[in-house]
Amino acid sequence: MRILIIEDEVTLSKTLSDGLKEFGYQNDVAENISDGQYFLDIRNYDLVLLDWMLPDGNSIDLIADIKSKTPKTSIIMLSARDDKESEIEALRAGADDYVKKPFDFEILLVRIEAKLRFGGSNIIEIDNLIINPEEEKILYDGTEVELKGKPFEVLTHLAMFKDQIVSKEQLLDAIWEEPELVTPNVIEVAINQIRQKMDKPLGITTIETVRRRGYRFCFPKKV
């Protein structure tokens, strides 16, 4: 599960990030709307912790954008506003929950668990291909495909952005925890694994190389 924290209070965002990592959640941290939009453009998130007031604007306007692109992403609004009207405004804008500052981390964690447990499924279904990110499982015509680890994550990320060209740099940023420590050829290795373990045996094409630009998920496309 991956969570995006958009919060400009550095101490609070670090506390949230460290605490979530202890419970097994991957997370990214943005301190303003602009940085938050950058992460949302390159990665798919199960949940977003969104501070109301940020240095570059009111984040409530970001809720509709998140929901339009990834409607299954849960959003918990974090706010120092304790009036009923603000809570109603956030929920009507599309937030799934509203947590008033200051808050207890354990209570927030329970709310996060509830949203992820009862939120929409992240299963990707395209034609007769099913990709289940939560269980790291792929089914094609009801038969399970043996593809795990980074190749699975690369395939899943490209499928989430179906028909869009995704560069090597974007894939590195989205999937590797420390992209600066690996070389771009790890992407080529992952793509080759997908083609050898999945496309070739099944007689399909899931990913096409776009010269000098990156890769695009193109299934269904018969060989």
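The values are calculated or read from the model by the stated rules, or taken from the named source; none is laboratory data. Every value quoted in this text rests on a predicted model; they were computed, and no experiment measured them. Reconstructed Cβ throughout: ideal geometry from the backbone, glycine too, with neighbour counts over all protein chains shown.
Is region 160-170 home to any residue that is aliphatic (A, V, I, L, M), modelled with pLDDT under 85 and out of contact with any Gly (no Cβ under 9 Å at 6 or more places or on another chain)? Yes, because at least one residue in region 160-170 is aliphatic (A, V, I, L, M), modelled with pLDDT under 85 and out of contact with any Gly (no Cβ under 9 Å at 6 or more places or on another chain).
Whenever a residue of region 188-210 is touching a residue at least 24 places away in the same chain (Cβ under 8 Å) and within 16 Å of Ile138 (Cα to Cα), its partners that are surrounded by fewer than 12 Cβ atoms within 10 Å (Cβ to Cβ) and hydrophobic (A, V, I, L, M, F, W, C), lying with C-beta atoms within less than 9 angstrom and at least six residues away or across chains, give the pairs Asp199/Val223; Ile204/Val223.
Looking only at region 167-193, count how many residues are part of a helix (DSSP H, G or I), within 21 Å of the chain's Cα centre (by Cα) and closer than 18 Å to Arg211 by Cα. Spell out how you get there, then give the answer.
From region 167-193, those part of a helix (DSSP H, G or I) are 168-175, 179-181, 185-193; that's our starting set.
Now narrow it down to the ones that are within 21 Å of the chain's Cα centre (by Cα): 168-175, 179-180, 186-187, 190-191.
From the residues that got through so far, the ones that are closer than 18 Å to Arg211 by Cα too are 168-172, 186-187, 190-191.
The qualifying residues number 9.
When Lys101 is tested against (1) closer than 27 Å to Ser59 by Cβ; (2) outside the structural domain of Ala64 (by TED's automatic domain parsing); (3) in contact with a Ser or Thr (Cβ under 7 Å, 6 or more places away or on another chain), just one condition goes unmet, and that condition is (2). Of the residues Thr73, Thr156, Thr143, the single one that is within 30 Å of Ile207 (Cβ to Cβ) and in contact with a Phe, Trp or Tyr (Cβ under 6 Å, 6 or more places away or on another chain) is Thr73.
The condition (being in contact with a helix residue (DSSP H, G or I) (Cβ under 8 Å, 6 or more places away or on another chain) and farther than 30 Å from Lys67 by Cα) is satisfied by just one residue among Val186, Val166: Val186.
Considering each residue of region 1-51, count those that are assigned to a strand (DSSP E or B) and either touching a His at 6+ places or on another chain (Cβ under 6 Å) or within 16 Å of Trp176 (Cα to Cα) (or both), and give that number.
The initial filter retains those residues of region 1-51 that are assigned to a strand (DSSP E or B), namely 2-6, 26-30, 47-51.
Those left that are additionally either touching a His at 6+ places or on another chain (Cβ under 6 Å) or within 16 Å of Trp176 (Cα to Cα) (or both): 2-4, 26-29.
Of the residues in that region, 7 qualify.
Pick out the one residue from Asp61, Asp8 that is modelled with pLDDT under 90 and more than 25 Å from Ser167 (Cβ to Cβ). Step by step, each of Asp61, Asp8 is checked, and only Asp61 is modelled with pLDDT under 90 and more than 25 Å from Ser167 (Cβ to Cβ).
Just wondering, is there one or more residues in region 88-101 that are of a type in the set (Val, Ile, Thr) and either free of Cβ contacts under 8 Å to residues at least 40 places away in the same chain or part of a helix (DSSP H, G or I) (or both)? There is at least one residue in region 88-101 that is of a type in the set (Val, Ile, Thr) and either free of Cβ contacts under 8 Å to residues at least 40 places away in the same chain or part of a helix (DSSP H, G or I) (or both).
Of all residues in region 102-140, those satisfying the criterion of being part of a strand (DSSP E or B) and either hydrophobic (A, V, I, L, M, F, W, C) or under 18 Å from Leu49 (Cα atoms) (or both) are Ile124, Ile126, Leu129, Ile130, Ile131, Ile138, Leu139.
Conditions tested, residue by residue: (1) at pLDDT 90 or above; (2) within 23 Å of Leu20 (Cβ to Cβ); (3) over 16 Å from the mean Cα position of the chain (by Cα); (4) buried (at least 17 other Cβ atoms within 10 Å of the Cβ).
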site	(1), (2), (3), (4)
Lys69	no, yes, no, no
Lys72	no, yes, no, no
Asp82	no, no, yes, no
Ile88	yes, no, yes, no
Glu106	yes, yes, yes, no
Leu109	yes, yes, yes, no
